[in-house]
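Structure first, then comments.
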């Protein structure tokens, strides 16, 4: 089976998880660039991160959250996904709450944290679940764009048995000049799957977790079902 991953993945990881009989290529379909933002006081705000890129760009801009829970004006940190959580840990910060999706986080905030004020550090193409749902409940919420996602629309002439997608923007970029028909489609998370459904009627295999291990696990399972 020939598989295309729409982002660069360590070949040794793919080989270890899927075996040496798999032919895997990687092609970047989006470009990520940090945006320079002048740091400002985070006092009295809870912080939201929905991607690892948001975390890394936040710290590149020299923002300094206060995670001292004994302090009066400490910052609670909410995040979407384990990858985002791991990126926060790399910078020495933990999380108050980790949810699997932006929709789950939205519902948690509405149910349990409606009195807080939120800053969401994200990219220019961040999904709009939070800024649609929270203001409707009179929850104070603001996006702070700290990185730019550019869809680069590559033309990929090679034919593959399967393609793996990691974000809605990656789907849009790939689908601009490439067909999705006649291939197995693998997707990280329901949001990415929802974007794929706009472009194809093919069956989409969606991982439960939003991480590389989860998507490789579902690829391996589907491969074993077809042996």
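The values are calculated or read from the model by the stated rules, or taken from the named source; none is laboratory data. Fair warning: this is a prediction, and the values are worked out from it, not measured in the lab. So basically every Cβ, Gly included, is an ideal-geometry build from the backbone, and we count neighbours across all protein chains shown.
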Handout entry: Matching option when the condition is modelled with pLDDT of 95 or more and more than 22 Å from residue 78 (Cβ to Cβ), among 213, 177
Key = 177
Problem - Test for residue 194: is it closer than 22 Å to residue 27 by Cα and assigned to a helix (DSSP H, G or I) - result: yes
Exercise for the section: Report yes if some residue within the range 59-75 is under 26 Å from residue 195 (Cβ atoms) and surrounded by 18 or more Cβ atoms within 10 Å (Cβ to Cβ); otherwise report no. Expected result: no
Practice task
Could you tell me which numbered condition residue 168 fails, if it satisfies all but one of (1) closer than 26 Å to residue 128 by Cα; (2) without any contact (Cβ under 8 Å) to a residue 40 or more places away in the chain; (3) surrounded by 15 or more Cβ atoms within 10 Å (Cβ to Cβ)?
Solution key: (2)
Practice task
Taking residue 136 as meeting all but one of (1) modelled with pLDDT of 95 or more; (2) assigned by TED's automatic domain parsing to the domain that holds residue 39; (3) more than 28 Å from residue 34 (Cα to Cα), write down the number of the exception.
Solution key: (1)
Exercise for the section: Mind telling me which of the residues 180, 185 ends up being buried (at least 21 other Cβ atoms within 10 Å of the Cβ) and either outside any helix (DSSP H, G or I) or assigned by TED's automatic domain parsing to the domain that holds residue 43 (or both)? Expected result: 185
Completion exercise
Cβ pairs under 8 Å, 6+ apart or interchain, first in the range 14-42 and assigned by TED's automatic domain parsing to the domain that holds residue 173 and on the phi > 0 side of the Ramachandran plot, second at pLDDT 95 or above and part of a strand (DSSP E or B), ordered by first then second residue, are none
Problem - residue 84 surrounded by 13 or more Cβ atoms within 10 Å (Cβ to Cβ), assigned to a helix (DSSP H, G or I) and on the phi < 0 side of the Ramachandran plot - result: yes
Handout entry: Identity of the residue in the range 87-106, in a loop (DSSP other than H, G, I, E, B) and surrounded by fewer than 17 Cβ atoms within 10 Å (Cβ to Cβ), that ends up farthest from the chain's Cα centre (by Cα)
Key = 92
